[in-house]
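Okay, so here's the structure we're looking at.
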Amino acid sequence: MSESPRSNGPKIIAIANQKGGVGKTTTAINLGAALAEEGREVLVVDLDPQGNASTGLGVNVADREKSTYDLLLDDAPLADVVRETDVEHLWIAPATTDLSSADIELVGNERRSSLLHDALRRPEITTYGFDHVLIDCPPSLNLLTVNAMVAAHSVLVPLQSEFFALEGLSQLMLTLREVRQTANPGLRIEGVVLTMFDVRNNLSTQVEEDARDALGDLVFQTRVPRNVRISEAPSFAQPVLEYDTASKGSNAYRALAREMLERGVALTA
Ligand SMILES: Nc1ncnc2c1ncn2[C@@H]1O[C@H](COP(=O)(O)OP(=O)(O)OP(=O)(O)O)[C@@H](O)[C@H]1O
Ligand SMILES: [Mg+2]
């Protein structure tokens, strides 16, 4: 499972933080759109029963016949689940609320932690030519997030520039280390990205300072600003890069994509 990314298919990145509302879904959609803009083929896997990434990319609830639930629990073919979005080069595997019971349904399954890994390593995935798979995790360190970490080459952590932002990180790192010790020794940290950053707010700069002190180079130089266009875009079922392509939010996600691509191999810490 520790194969180097890209030589054996797409680079798989789990976007995780058990804290709710920190920008996981926003980052999955817009980092995905930014990579797609660079001409990369990108699949967003919605692993959150809330299905926000699916809605944000224009998949109506009524229109989700097969979802990541079927991929995990029913061995559904990728072709039944993966679909194109209106954004060129950007694909989505949508989620439905079915996924909320997956945790319980999976308890007795001996492959319970590696179902997503197995689904994303099926030979049929090569037919899509994906360069990147971004997994939007739920706000929990449950079995779904563990599936994402087992499936992934690396974990990208959005960190909201607010009080207590760093508090949950140790628990997240603990889970990451557990996954490394068991199912996925090659799992790396792609990086930590500061989200909803407000340069005029002392708290934002304080969180940044603390994060850089504690995590060093793991923290991306790019900060995603608090930007109203970012929060408006999902109600138009579009990435902000399409909704308002010249906005600060769009440019921040473009910068994040470039920084990530330039960094190349993710850090090991
Ligand atoms: N940079 C930003 N500027 C303004 N609003 C933002 C920004 N990033 C995210 N938001 C808004 O904050 C809210 C939470 O963001 P998002 O849904 O991406 O977080 P999440 O971590 O996926 O949440 P959950 O844990 O519930 O899945 C959303 O309403 C989103 O539109
Ligand atoms: Mg979300």
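Which residue out of GLY58, GLY9, GLY21 is within 13 Å of ligand 2 (Cβ to nearest atom) and on the phi > 0 side of the Ramachandran plot?
GLY21
Residues being surrounded by fewer than 23 Cβ atoms within 10 Å (Cβ to Cβ), of a type in the set (Val, Ile, Thr) and more than 14 Å from PRO239 (Cβ to Cβ): count how many of those fall in region 49-80.
Qualifying residue count, region 49-80: 1.
So, in region 25-50, how many residues would count as being out of contact with any Gly (no Cβ under 7 Å at 6 or more places or on another chain) and either over 20 Å from SER100 (Cα atoms) or in a loop (DSSP other than H, G, I, E, B) (or both)?
Result for region 25-50: 18.
Output the number of residues of region 118-141 satisfying the condition of being more than 19 Å from ASP80 (Cβ to Cβ) and either away from ligand 2 (no atom under 16 Å from the Cβ) or in contact with a Gly (Cβ under 8 Å, 6 or more places away or on another chain) (or both).
The qualifying residues number 4.
Identify the single condition in (1) touching a residue at least 60 places away in the same chain (Cβ under 8 Å); (2) touching a Pro at 6+ places or on another chain (Cβ under 8 Å) that ALA252 does not satisfy, given that it satisfies every other one.
(1)
Out of region 81-126, which residues are modelled with pLDDT of 95 or more, surrounded by fewer than 17 Cβ atoms within 10 Å (Cβ to Cβ) and over 17 Å from ASN147 (Cβ atoms)?
Of everything in region 81-126, those that are modelled with pLDDT of 95 or more, surrounded by fewer than 17 Cβ atoms within 10 Å (Cβ to Cβ) and over 17 Å from ASN147 (Cβ atoms) turn out to be GLU84, ASP86, GLU88.
Within region 25-32, is there a residue that is among the hydrophobic types (A, V, I, L, M, F, W, C), within 16 Å of ligand 2 (Cβ to nearest atom), over 18 Å from VAL224 (Cβ atoms) and in contact with a strand residue (DSSP E or B) (Cβ under 8 Å, 6 or more places away or on another chain)?
Scanning region 25-32, I find no residue that is among the hydrophobic types (A, V, I, L, M, F, W, C), within 16 Å of ligand 2 (Cβ to nearest atom), over 18 Å from VAL224 (Cβ atoms) and in contact with a strand residue (DSSP E or B) (Cβ under 8 Å, 6 or more places away or on another chain), so the answer is no.
Being part of a helix (DSSP H, G or I) and under 19 Å from the mean Cα position of the chain (by Cα) is the filter; apply it to region 208-231 and report the residue that is nearest to GLY249 (Cα to Cα).
The residue in question is ILE230.
Could you check how many residues of region 215-264 are within 16 Å of ligand 2 (Cβ to nearest atom) and of a type in the set (Phe, Trp, Tyr)?
1
Report yes if VAL207 is crowded, with 21+ Cβ neighbours inside 10 Å, out of contact with any Phe, Trp or Tyr (no Cβ under 7 Å at 6 or more places or on another chain) and modelled with pLDDT under 95, otherwise no.
yes
Within 16 Å of ligand 1 (Cβ to nearest atom) and over 19 Å from the mean Cα position of the chain (by Cα): which single residue out of GLU65, GLU162, GLU105 fits that description?
GLU162
Anything in region 5-53 that is in contact with a Ser or Thr (Cβ under 8 Å, 6 or more places away or on another chain) and free of Cβ contacts under 8 Å to residues at least 60 places away in the same chain? List them, or say none.
GLY51
Out of the residues in region 39-48 that are surrounded by 20 or more Cβ atoms within 10 Å (Cβ to Cβ) and either within 10 Å of ligand 2 (Cβ to nearest atom) or among the charged types (D, E, K, R) (or both), which is nearest to GLU88 (Cα to Cα)?
The extreme case among them is ASP46.
Rundown of residues vs (1) of a type in the set (Gly, Ala, Ser); (2) assigned to a helix (DSSP H, G or I); (3) over 13 Å from SER67 (Cα atoms); (4) in contact with a strand residue (DSSP E or B) (Cβ under 7 Å, 6 or more places away or on another chain), yes/no style:
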site	(1), (2), (3), (4)
ASP86	no, no, yes, no
ALA95	yes, no, no, yes
ALA102	yes, yes, no, no
VAL107	no, no, yes, no
GLU110	no, no, yes, no
SER113	yes, no, yes, no
ASP118	no, yes, yes, no
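If you scan region 130-149, which residues turn out to be more than 9 Å from ILE13 (Cα to Cα) and of a type in the set (Val, Ile, Thr)?
THR145, VAL146
The values are calculated or read from the model by the stated rules, or taken from the named source; none is laboratory data. Quick caveat: nothing in here was measured; it's all calculated off a predicted structure. Positions of Cβ are backbone-derived with ideal geometry, glycine not excepted, and every protein chain shown enters the neighbour counts.
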